[in-house]
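The values are calculated or read from the model by the stated rules, or taken from the named source; none is laboratory data. Bear in mind the structure is a predicted one, so any value in this text is a computation, not a measurement. Quick reminder, even Gly has a Cβ in these numbers, built from the backbone with ideal geometry, and neighbours come from all protein chains shown. Surface areas here come from the heavy atoms of the whole protein model, side chains and all, with no ligands, DNA or RNA. Shrake-Rupley method; radii C 1.70, N 1.55, O 1.52, S 1.80 Å.
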Amino acid sequence: MENLPLERLINENFIYAKVLHYFGVEYYESRNKTLSEICEEYKLDQSDVIEMIEKGVNGNEAQVLDLKGLPTSLIIAYLKHSHQLFIKDRLPYILKLVGQLTCDKEEGLIQDLQVILPMFVDDFIHHIFEEEDKLFSYIMLLDGFVKGQMPAAKIASKVDDFSIQEFSLHHGESDDEMKGIRGITNGYQLDAMTDLKQKVVYQALASFDQELTKHAEIENEVFFPRALLLEKQAINKLSAGLGLN
């Protein structure tokens, strides 16, 4: 792969574009050069670049079963880490790619993406901050109370005012946040598409969509069941008067 043109490599796997972006290489301006030529020009260690590409291709996502046995604090830490990746890495990269689109043949679609995507990002970041500030903080209080590390006085009013069941139902309604973008891109369909920039955008969007689906699966199958159990245990403990200090 070191001696193949970047355009061919990127057409086969968009990860090349993402990794080159990480190393400060504008792939489109260098699309006719080989990976070896790029590494020499930008003074990059070719083995480091290839290693990062292979990691991106193979993936190292946590699985649901891997997380179920972890303490609540580590589950939340994992989710927060994913949120930071979305906000600081995935979304800025996609926003930059979409901002660079100038394909005249699909001008309306490109303009729609350039308007809708920033709105989606703003809503998505607001959703994440709300989840971390309200829900995650509440769950950590519940966890501390159930473990006997938190006085009842600090948790009682919050249990009365907050319902994880209601939050999870609302969360479920907004899980498919990419639906609108998926719609205007025809499900990120690449058939007959010839513009390399648009291909990279569609593939980056599709990858992010898959990451969100996996993230939602972990929240729905690991985090929310744990949160509901903690809330039930805390309510039972309060009812029995065992947490009073």
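Sum -39500 (n - 2.57) across every DSSP H segment of at least 4 residues in the chain, then divide by the residue count to get the 222 nm mean residue ellipticity, nearest 500.
Using -39500 (n - 2.57) per qualifying helix, the result is -20500 deg cm²/dmol.
Normalising by the residue count of the chain, find the relative contact order in percent from Cα pairs under 8 Å and 6+ residues apart.
25 percent
Please report, in debye to the nearest 20, how large the charge dipole of segment 67-117 is about its Cα centre when each Lys and Arg carries +1 at its beta carbon and each Asp and Glu carries -1 there.
About 460 debye.
Report the residues of segment 6-22 in range of a label on residue 182: point 7 Å along Cα→C-beta, backbone N strictly under 14 Å from it.
Counting only backbone N, you get no residues.
Using the basic label-point model (7 angstrom from Cα toward the beta carbon), what is the residue 37 to residue 191 distance in nanometres?
Taking the two extended label points, one gets 3.4 nm.
Given R₀ = 22 Å, what would the calculated FRET efficiency be for residue 93 paired with residue 73, taking r from the Cβ atoms and rounding to 0.05?
For residue 93 and residue 73, the calculated efficiency is 0.15.
Can you give the extra length, in nm with one decimal, that the chain gains between residue 229 and residue 13 once fully stretched, where that is 0.36 nm per residue apart less the Cα-Cα distance?
Working it through step by step, the gained length comes to 73.5 nm.
Mind checking which aspartates and glutamates have their Cα closer than 17 Å to the Cα of residue 33? Skip sequence neighbours fewer than 8 apart in that chain.
Correct list for residue 33: 2, 7, 12, 41, 45.
Listed here are the pairs 154/179; 80/197; 80/232; 55/214; 68/134; which of them are more than 28 Å apart at the Cα?
154/179; 80/197
For residue 126 and residue 239, what does the FRET efficiency come to when R0 = 25 Å and r is the distance between their Cβ atoms, rounded to the nearest 0.05?
E(calc), rounded to 0.05, equals 0.10.
Report the calculated FRET efficiency for residue 109 and residue 162 (r = Cβ-Cβ distance, R0 = 45 Å), to the nearest 0.05.
0.60
Please list the radius of gyration and Dmax for segment 92-215, considering alpha-carbon atoms only, with Å as the unit.
Here Rg and the maximum Cα pair distance are 20.1, 64 Å.
Please report the carbon-and-sulfur percent of the accessible area for segment 19-157; probe 1.4 Å, protein heavy atoms only, DNA, RNA and ligands left out.
52 percent
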